[in-house]
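FYI, it's all coordinate maths here, none of it is from the lab. The model shown is predicted, which means the values in this text are computed figures rather than measured ones. Ideal geometry is used to build each Cβ from the backbone, glycine not excepted, and the neighbour counts take in all protein chains shown.
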Amino acid sequence: MCERLIEDYLLVCLHTETVDSSTAFQIFYEVVVVVVVVVVVVVVAFVQRYTHRCTNSSTVRTYVGTRPVPSETAMKCALVQLMAVGLVGLLSQIASCSSSRSENASTRVLFVGNSYTFFNSMPEIFVNVSAALSTSRPTTILMLAPGGSALFEHGNLSSAMGQATAAALSDPLGWDFVVLQDQSEVPGGGKDTDANLPPRAGRNLTLAALQAFFKPRIADAGAVPVLYSTWGRHDGDPPNAECCRYANFLQMNQETTFGYEMYAQTLSPELSGDERGGGTTGVDRSNGDDDGDGAASTTNQRYYYGAAKRPLVAPAGHAWEIVFNASGPEPLGNHSRFSCLYNHGVTSENDDANANAYNASSCVLDSAGMGGHPSLEGSYLIALVMAATIHKQSVLHLPWAPEGMSASDAIFLQGVAEQAVTMAPHRSAM
């Protein structure tokens, strides 16, 4: 509680969008030290001047009728005692905040998603990447990622999944960041084939859940929401090819990226109703398919969440596209770096023992890979993007990479992540 009150105060005083917890407490304690020193000097001066009088002089009282009136000396003695009590209280409160901080000394990150999050234990990779950065704070994570789940299902309090998500968000220690990842077909307005929903229906439900369920709870947790912007599937998504421009990777990636930008707008601290969903977003929609994307776009009501922080967008899809463009004339070929971002299996006994290594004879996607699921390299790239977005630090030249990954592959992926985060057109919602 102390930490979030301090951070919210500094957000207002410094006129900034976000403030790191470590920075908040550094500023806070620098100010407190100055105040305490001043108070101690004043109190010591009073004590030195009046202690002798208070202890050795007889109390002189005058009377008005039958009511005693304290002398000037007695009043000064009382003032000294009051200031001493106040100093003790101040020091006690500082100790309380310090104790609270020591119990919550790590960067706490909650991951809410599905298999795109849990494949290859991506949050654990994120922890290792974070530890390799030049930050002294450890990272604590919690993952809620049932396979195939959508954010609107996480936000459904009538289900066990929704109740578990609500309970995690209300953890007494709070969260520094809450990472949100939707079912892969939903953000771009496609049919949710896992939930058997028609085009745009899943996105409408997610937009409503972000507004009503996630936004207030993330604000109450004192956290920064992070939109984990996923990527298009390797060959597009045939069930959504005609209806929703998911015919190939690039089209699906573009629609998905746009969807996460809508999500970020919905989670912005101050948002007018006509800016949500399919309202004016400033993004050119080539397919003109904006009708029905924002069920609440007809209202002009404004929403304010005093403790809410501006969302970040972790552009994993943009990183995927960088690799696609860097994979030569045949990016969809079995030997390309792009194909090897997706889960794949070995194709012969001569293949590398690590099925997800770039130096395997080929990267033939298995069923999980065809469904867009990442390989180990893909998950490492995601974790790099996530770390660069959350920690706001460069991920170049990191000494850590997953076991079995070559140094050249790690360097390449670090460079892609750095480029994706620093050059992404939308890193946070405005």
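Given 25 °C and 0.890 mPa s, how large is the Stokes-Einstein diffusion coefficient of region 175-233 in µm²/s, with Rh as the Kirkwood radius over Cα pairs?
The estimated diffusion coefficient comes to 200 µm²/s.
How would region 365-430 be classified by its alpha-carbon gyration tensor: rounded, prolate or oblate, with rounded meaning a/c under 1.5 and the a/b versus b/c comparison settling the rest? Spell out each step's value before the answer.
Values: a/c = 2.41, a/b = 1.24, b/c = 1.95.
Note, shape of region 365-430 comes out oblate.
Run the numbers for GLN393 and THR422: contour at 0.36 nm per residue of separation, minus the present Cα-Cα distance, in nm.
9.4 nm
For a protection proxy built on the mean count of beta-carbon atoms within 10 angstrom, sort 222-233, 196-207, 239-250 highest first, please.
So the order, starting with the most tightly packed, is 222-233, 196-207, 239-250.
Using the alpha-carbon centroid of each, what span in Å lies between region 120-169 and region 215-253?
First find each Cα centre; the distance between them is then 17 Å.
Would you kindly state how much longer the chain becomes between GLN163 and ALA241 on full extension, computed as 0.36 nm times their sequence separation minus their alpha carbon distance, in nm to one decimal?
On the way: separation 78, 0.36 × 78 = 28.08 nm, distance 3.44 nm.
Going from the current span to full extension adds 24.6 nm.
Can you tell me the length gained on complete extension of the stretch ASN196 to SER170, counting 0.36 nm per residue apart and subtracting the Cα distance?
Working it through step by step, the gained length comes to 6.3 nm.
Compute the Cα gyration tensor for region 143-264, then decide on rounded, prolate or oblate, letting a ≥ b ≥ c be the square roots of its eigenvalues: rounded whenever a/c is under 1.5, prolate when a/b is larger than b/c in the other cases, and oblate in all that remain. Show your work: numbers first, answer last.
Values: a/c = 2.39, a/b = 1.86, b/c = 1.29.
Because a/c hits 1.5 or more and a/b exceeds b/c, region 143-264 counts as prolate.
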